[in-house]
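First up is the structure itself, then whatever we jot down about it.
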Amino acid sequence: MVPLSLLPPGKEAVIIEIRGGMGWRRRLMELGLMEGMKIKVIQRLFPGPVVIAVGNARVVLGFGMAQRIMVREV
Amino acid sequence: MSKKLKIAIAGNPNSGKTTIFNNLTGARQHVGNYPGVTVEKIEGYSKYAGYHLTIVDLPGIYSLTAHSLDELVARNYILDEKPDVVIDIVDTSNLERNLYLSTQLMELGVKMVIALNMWDIAKNLGLEIDHERLSQLLGVPCVPTIATKKEGMDELLQKVIALHEGKIFYHPTPINYGREIEEGISKIEEILKLEEPLLKRYPSRWLAVKLLEKDEDIYEKVKKTSSGERILQTAEKSIEHLKGIFGEEPEAVIPDKRYGFISGACSTVITRSYELRHTLSDKIDRIFLNRVLGLPIFFFLMWIMFKAIFRLSEPFTQGIENLMTWIGKLVGSFFPEGSIIKSLIVDGIIGGVGSVLTFVPVIFLLFFFIAILEDSGYLARAAFLMDRIMNRIGLHGRSFIPLLLGFGCNVPAIMATRVIDDRKSRLITILVNPFMSCGARLPVYTLFVGTFFSPRQAGNILFSLYLLGILVAMGMSYLFRRLMFKGESAPFVMELPPYRLPTLKGVLIHMWERGVVYLKKAGTIIFAGCMLIWFLSHFPPMPEEGNSKIQLEKSYAGKIGKFITPVFKPLGFGEWKTSIALIAGFIAKELVVGTLGTLYGKEETSLREMLKNDVYPDGSKVWSPLSSYSFLIFILLYIPCIATIAVIYRETQSLTWPLFTAFYTTALAWITSFLFYQTGKFLLSFIDNLGF
């Protein structure tokens, strides 16, 4: 299990855990990010924001947020 | 007479909502705003199976909370206007997320049909979806569609009509929130029966759930009713009780239950073997969002944009100026020379309207280009690219777009801060926004830069002012975060839309929406300001008719100007006409030029010549390159115009922030100009003494 912020572009992973308050978990859920979802890193500006693919959507996450999403590479 | 049917289209952003809307309606559309708010409302018309269809495209939203204006607008539309059927557009390739909105729409108690859009993309990703099973589980008809290929549109409308005519058994599955929450819901529903009229407007179960979720809008509405107090008490008791059980606010538990329901449904209908593919947008992003190329490309695009705006607007501005002068002369010829009526009409009214109109081209062009960036999907990328830089000053990527808009007009820019979801970041973005040099300040720059600097220097001098504004904004933002709004900025999350070719119509709509805010302000406040300035400078009337200089000096304006002039002396522009122009600039920055024009009197020579030759009583020149630049620094930084102050009041709902802005910007302007002018003067005399 690693923070999403460490995955290089092109890697796919499954979300294992989202750390943080309820408000933010809900924001992420609204954008389709929840435990068990498969995602793919499209682009990142390490240490900075990342763009990930969730289904057909592309979502930008700030660095802080990406550090709180724990994923397992597939 | 044929039958009427009102359909509303709802769905997440980027779910293909607008494409479906266009497919269903064809060319006849009407664009307006929702009553009371500047959120775009598009209505289209069509005929189908003997029905006259009116179709409304609701704003793209993820949820139906009261947190965002778009969401509130969409939900109030459905509740108040009661469309016959709602079509919920769902991005099938991201079904869980999109169904979150669907479950909330289902609770609103309207008839709805779900369009499983992007069916082909979901298939390509490897998702097999049993849409009939999904329809049964949700109790809502689901129709696969591919909006881009116009597939499934007929089936969609057939379902809509069958549903409307009651030919389909319609029973949306209520979400089971679990025993404890359900008990709370029943208790609240019981007491809600006291309020008949409220229940006519809203489904009672939905009201109960919203009360448990502490929905602000519904809280206010219930509070106003006669049994409001009792209902809210019951709701609060339930909330306390549930908090005891779950250890969390029901507000947090309820969305979890919704997602539980959704993932249950999805796991039975989706067979996945799914693969996330790169799209064309991703390929473009490899270059545009590249860690090395991304920012240079962005700055290059910005440079082209501003260059184009100033180039393209020049002939328009010139044309409007000439036209207004011509009208002024024409109208003036009907009145006797030197009469006060002539002056009122020509200098006051026509001059006032003219000073408003000359900035329309710059502002509309800026909004035109921003709309292109926005509709193509690039503006969201700019937020991504700028995130790291914005982090250094205590903000994140989302604050960038409102700041960029500030270069056009700070009023719509401050309104655009609504997209920033945490209050502290939003306030900082509002407070530093006035330093983004708006289009109305440009004419003041061009007048002085054009007069006191060579054409070769002019471009760089102009650029330096914009840069100074940006640097001051960055510095102040950093300080605000450190001193006044401590704590981390909220996490940065947003959806990146795919690249699209913007349509002319869409771009024009967006340009118009923002531009109209400026026009409205211009039409009222600025015009009234012009009239006030005219009055102050022509009253009390002097007996020595025709001598405009004496008239001005003895007028109210002259008195006020002379009174405050000492304050500006150490900044290098201690001259009463300038002081009046600065006061006028509080009404609108563009008035500074117009006021100087009125005060210097345009008739004999050009304003530029007048400025160059103006002298203090002791014979020394008023203006030098040094003092004019100091003046421009002051113009850039001092109190934003009255419309900006008003919008800060409206957006923050408090008097503190507009007053704070007025004070701190002016103080900062004075200090900066003072330091610049005094240092400059010292250096110049030092060089002189060296004998160069």
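The values are calculated or read from the model by the stated rules, or taken from the named source; none is laboratory data. Here the structure is a predicted model, which means the values were calculated and not measured. All Cβ positions, glycine included, derive from the backbone under ideal geometry; neighbour counts span all protein chains shown. Calculation scope for accessible area: heavy atoms of the full protein, side chains included, ligands and nucleic acids excluded. Shrake-Rupley method; radii C 1.70, N 1.55, O 1.52, S 1.80 Å.
Across region B:210-224, which residue is farthest from B:His67 (Cα to Cα) among those that are open to solvent by 30 Å² or more (accessible area, probe 1.4 Å) and either without any contact (Cβ under 8 Å) to a residue 60 or more places away in the chain or within 14 Å of another protein chain (Cβ to nearest Cβ) (or both)? Show your work before the answer.
Filtering region B:210-224 for residues open to solvent by 30 Å² or more (accessible area, probe 1.4 Å) gives B:214, B:216-217, B:219-221, B:223-224.
Still in the list and also either without any contact (Cβ under 8 Å) to a residue 60 or more places away in the chain or within 14 Å of another protein chain (Cβ to nearest Cβ) (or both): B:214, B:219-221, B:223-224.
Working: B:Lys214: 11, B:Tyr219: 13, B:Glu220: 14, B:Lys221: 15, B:Lys223: 18, B:Lys224: 20 Å.
That would be B:Lys224.
Please go through (1) open to solvent by less than 40 Å² (accessible area, probe 1.4 Å); (2) in contact with a helix residue (DSSP H, G or I) (Cβ under 9 Å, 6 or more places away or on another chain); (3) under 27 Å from B:Leu496 (Cβ atoms); (4) at pLDDT 85 or above for B:Ile254 and return the number of the only condition it doesn't satisfy.
Going through the list (1) open to solvent by less than 40 Å² (accessible area, probe 1.4 Å); (2) in contact with a helix residue (DSSP H, G or I) (Cβ under 9 Å, 6 or more places away or on another chain); (3) under 27 Å from B:Leu496 (Cβ atoms); (4) at pLDDT 85 or above, B:Ile254 breaks only (3).
Can B:Leu69 be described as open to solvent by less than 40 Å² (accessible area, probe 1.4 Å) and of a type in the set (A, V, I, L, M)? First the steps, then the outcome.
Working: open to solvent by less than 40 Å² (accessible area, probe 1.4 Å): no; of a type in the set (A, V, I, L, M): yes.
So B:Leu69 fails the test.
Checking B:Ser376 against (1) modelled with pLDDT of 90 or more; (2) surrounded by fewer than 19 Cβ atoms within 10 Å (Cβ to Cβ); (3) more than 30 Å from B:Leu501 (Cβ to Cβ), only one condition comes out false. Which one?
The one condition B:Ser376 does not meet is (3).
Return the only residue of B:Phe435, B:Phe364, B:Phe369 being more than 24 Å from B:Ile509 (Cα to Cα) and in contact (Cβ under 8 Å) with a residue 24 or more places away in the chain. Before the answer, list the steps.
On the way: B:Phe364 fails: more than 24 Å from B:Ile509 (Cα to Cα); B:Phe369 fails: more than 24 Å from B:Ile509 (Cα to Cα).
Result of the check over B:Phe435, B:Phe364, B:Phe369: B:Phe435.
For B:Ile309, are the conditions met, namely being more than 13 Å from chain A (Cβ to nearest Cβ) and either within 30 Å of B:Arg97 (Cβ to Cβ) or open to solvent by less than 10 Å² (accessible area, probe 1.4 Å) (or both)? Don't jump to the end; show me each part of the working.
Working: more than 13 Å from chain A (Cβ to nearest Cβ): yes; either within 30 Å of B:Arg97 (Cβ to Cβ) or open to solvent by less than 10 Å² (accessible area, probe 1.4 Å) (or both): yes.
When the stated conditions are applied, B:Ile309 passes them.
Would you pick out the residues in region A:40-50 that are surrounded by 22 or more Cβ atoms within 10 Å (Cβ to Cβ) and either of a type in the set (Ser, Thr, Tyr) or within 7 Å of another protein chain (Cβ to nearest Cβ) (or both)? Before you say what the answer is, go through the steps one by one.
Of region A:40-50, the ones surrounded by 22 or more Cβ atoms within 10 Å (Cβ to Cβ) are A:41-44, A:49-50.
A:Ile42, A:Gln43, A:Pro49 - these are the residues of region A:40-50 that are surrounded by 22 or more Cβ atoms within 10 Å (Cβ to Cβ) and either of a type in the set (Ser, Thr, Tyr) or within 7 Å of another protein chain (Cβ to nearest Cβ) (or both).
Among (1) assigned to a helix (DSSP H, G or I); (2) facing another protein chain (nearest Cβ under 8 Å); (3) open to solvent by less than 30 Å² (accessible area, probe 1.4 Å), which single condition is A:Ser5 missing?
Evaluating A:Ser5 over (1) assigned to a helix (DSSP H, G or I); (2) facing another protein chain (nearest Cβ under 8 Å); (3) open to solvent by less than 30 Å² (accessible area, probe 1.4 Å) leaves (2) as the failure.
Among the numbered criteria (1) out of contact with any helix residue (DSSP H, G or I) (no Cβ under 8 Å at 6 or more places or on another chain); (2) surrounded by fewer than 18 Cβ atoms within 10 Å (Cβ to Cβ), which one does A:Val59 miss?
(2)
Give me the residue from region A:62-71 that is within 7 Å of chain B (Cβ to nearest Cβ) and not hydrophobic (A, V, I, L, M, F, W, C) and, out of that set, surrounded by the most Cβ atoms within 10 Å (Cβ to Cβ).
Within region A:62-71, the subset within 7 Å of chain B (Cβ to nearest Cβ) is A:62, A:64-65.
Remaining after also requiring not hydrophobic (A, V, I, L, M, F, W, C): A:62, A:64.
Working: A:Gly62: 25, A:Gly64: 17.
Checking each candidate, the answer is A:Gly62.
Quick check on my filter: what residues within region B:409-423 are of a type outside the set (S, T, N, Q) and either in contact with a Leu (Cβ under 9 Å, 6 or more places away or on another chain) or away from every other protein chain (no Cβ under 14 Å) (or both)? Full working, then the answer.
Restricting attention to region B:409-423, the residues satisfying the condition of being of a type outside the set (S, T, N, Q) are B:409, B:411-416, B:418-423.
Within region B:409-423, B:Cys409, B:Val411, B:Pro412, B:Ala413, B:Ile414, B:Met415, B:Ala416, B:Arg418, B:Ile420 meet the criteria.
For B:Leu58, are the conditions met, namely being buried (at least 22 other Cβ atoms within 10 Å of the Cβ) and over 19 Å from the mean Cα position of the chain (by Cα)?
Values: buried (at least 22 other Cβ atoms within 10 Å of the Cβ): yes; over 19 Å from the mean Cα position of the chain (by Cα): no.
Here the answer is no, as B:Leu58 does not meet what is asked.
Is it the case that some residue within region B:464-477 is open to solvent by less than 10 Å² (accessible area, probe 1.4 Å), closer than 19 Å to B:Gly397 by Cβ and not assigned by TED's automatic domain parsing to the domain that holds B:Ser68? Spell out how you get there, then give the answer.
Narrowing region B:464-477 to residues open to solvent by less than 10 Å² (accessible area, probe 1.4 Å): B:465, B:469, B:473, B:477.
Right, trim to closer than 19 Å to B:Gly397 by Cβ and you get B:473, B:477.
Filter again for not assigned by TED's automatic domain parsing to the domain that holds B:Ser68, leaving B:473, B:477.
Yes, there is a match, as at least one residue in region B:464-477 is open to solvent by less than 10 Å² (accessible area, probe 1.4 Å), closer than 19 Å to B:Gly397 by Cβ and not assigned by TED's automatic domain parsing to the domain that holds B:Ser68.
Name the residues in region A:16-37 that are within 18 Å of B:Leu496 (Cβ to Cβ), in contact with an Asp or Glu (Cβ under 9 Å, 6 or more places away or on another chain) and either modelled with pLDDT of 90 or more or not hydrophobic (A, V, I, L, M, F, W, C) (or both), would you?
Scanning region A:16-37 gives A:Arg27, A:Gly32.
Any residue at all in region A:27-39 that is more than 9 Å from every other protein chain (Cβ to nearest Cβ) and either without any contact (Cβ under 8 Å) to a residue 12 or more places away in the chain or buried (at least 23 other Cβ atoms within 10 Å of the Cβ) (or both)? Full working, then the answer.
Kept after step one, since they are more than 9 Å from every other protein chain (Cβ to nearest Cβ), are these residues of region A:27-39: A:35.
Cutting the leftovers down to either without any contact (Cβ under 8 Å) to a residue 12 or more places away in the chain or buried (at least 23 other Cβ atoms within 10 Å of the Cβ) (or both) gives us none.
No, there is no match, as no residue in region A:27-39 is more than 9 Å from every other protein chain (Cβ to nearest Cβ) and either without any contact (Cβ under 8 Å) to a residue 12 or more places away in the chain or buried (at least 23 other Cβ atoms within 10 Å of the Cβ) (or both).
If B:Val73 satisfies all but one of (1) modelled with pLDDT of 90 or more; (2) away from every other protein chain (no Cβ under 14 Å), what's the number of the condition it fails?
With respect to (1) modelled with pLDDT of 90 or more; (2) away from every other protein chain (no Cβ under 14 Å), B:Val73 is out only on (1).
When you go through B:Gly260, B:Gly247, B:Gly294 one by one, which is the residue that is within 14 Å of another protein chain (Cβ to nearest Cβ), over 30 Å from B:Arg133 (Cα atoms) and either surrounded by 13 or more Cβ atoms within 10 Å (Cβ to Cβ) or basic (Lys, Arg) (or both)?
Numbers: B:Gly260 fails: over 30 Å from B:Arg133 (Cα atoms); B:Gly247 fails: either surrounded by 13 or more Cβ atoms within 10 Å (Cβ to Cβ) or basic (Lys, Arg) (or both).
Only one candidate passes the filter, namely B:Gly294.
Could you identify the single residue in B:Pro502, B:Pro491 that is in contact with a Ser or Thr (Cβ under 7 Å, 6 or more places away or on another chain), open to solvent by less than 60 Å² (accessible area, probe 1.4 Å) and part of a loop (DSSP other than H, G, I, E, B)? Lay out the reasoning, then the answer.
Values: B:Pro491 fails: in contact with a Ser or Thr (Cβ under 7 Å, 6 or more places away or on another chain).
Exactly one of B:Pro502, B:Pro491 is in contact with a Ser or Thr (Cβ under 7 Å, 6 or more places away or on another chain), open to solvent by less than 60 Å² (accessible area, probe 1.4 Å) and part of a loop (DSSP other than H, G, I, E, B), namely B:Pro502.
If I go through region B:264-285 residue by residue, how many of them are free of Cβ contacts under 8 Å to residues at least 40 places away in the same chain and surrounded by 15 or more Cβ atoms within 10 Å (Cβ to Cβ)?
Residues flagged as free of Cβ contacts under 8 Å to residues at least 40 places away in the same chain and surrounded by 15 or more Cβ atoms within 10 Å (Cβ to Cβ) within region B:264-285 amount to 1.
When you scan region B:5-24, do you find a residue that is out of contact with any strand residue (DSSP E or B) (no Cβ under 7 Å at 6 or more places or on another chain) and of a type in the set (A, V, I, L, M), even just one? Even if it seems obvious, please write down each step before you answer.
First, pick out the residues of region B:5-24 that are out of contact with any strand residue (DSSP E or B) (no Cβ under 7 Å at 6 or more places or on another chain): B:19, B:22-23.
Still in the running and of a type in the set (A, V, I, L, M): none.
No, the conditions are met nowhere in region B:5-24.
Just checking, does region B:440-451 include any residue being open to solvent by 30 Å² or more (accessible area, probe 1.4 Å) and in contact (Cβ under 8 Å) with a residue 24 or more places away in the chain?
First, pick out the residues of region B:440-451 that are open to solvent by 30 Å² or more (accessible area, probe 1.4 Å): B:446, B:450.
Checking which are in contact (Cβ under 8 Å) with a residue 24 or more places away in the chain leaves us with B:450.
Yes; the residues of region B:440-451 include at least one that is open to solvent by 30 Å² or more (accessible area, probe 1.4 Å) and in contact (Cβ under 8 Å) with a residue 24 or more places away in the chain.
Are any residues in region B:651-692 under 22 Å from B:Phe435 (Cα atoms), hydrophobic (A, V, I, L, M, F, W, C), in a helix (DSSP H, G or I) and open to solvent by 30 Å² or more (accessible area, probe 1.4 Å), and if so, which ones?
Pass one, region B:651-692, residues under 22 Å from B:Phe435 (Cα atoms): B:651-677.
Checking the rest, the ones that are also hydrophobic (A, V, I, L, M, F, W, C) come to B:655, B:657, B:659-660, B:662-663, B:667-671, B:674-676.
From the residues that got through so far, the ones that are in a helix (DSSP H, G or I) too are B:657, B:659-660, B:662-663, B:667-671, B:674-676.
Passing the criteria: B:Trp657, B:Leu659, B:Phe660, B:Phe663, B:Ala667, B:Leu668, B:Trp670, B:Ile671, B:Phe674, B:Leu675, B:Phe676.
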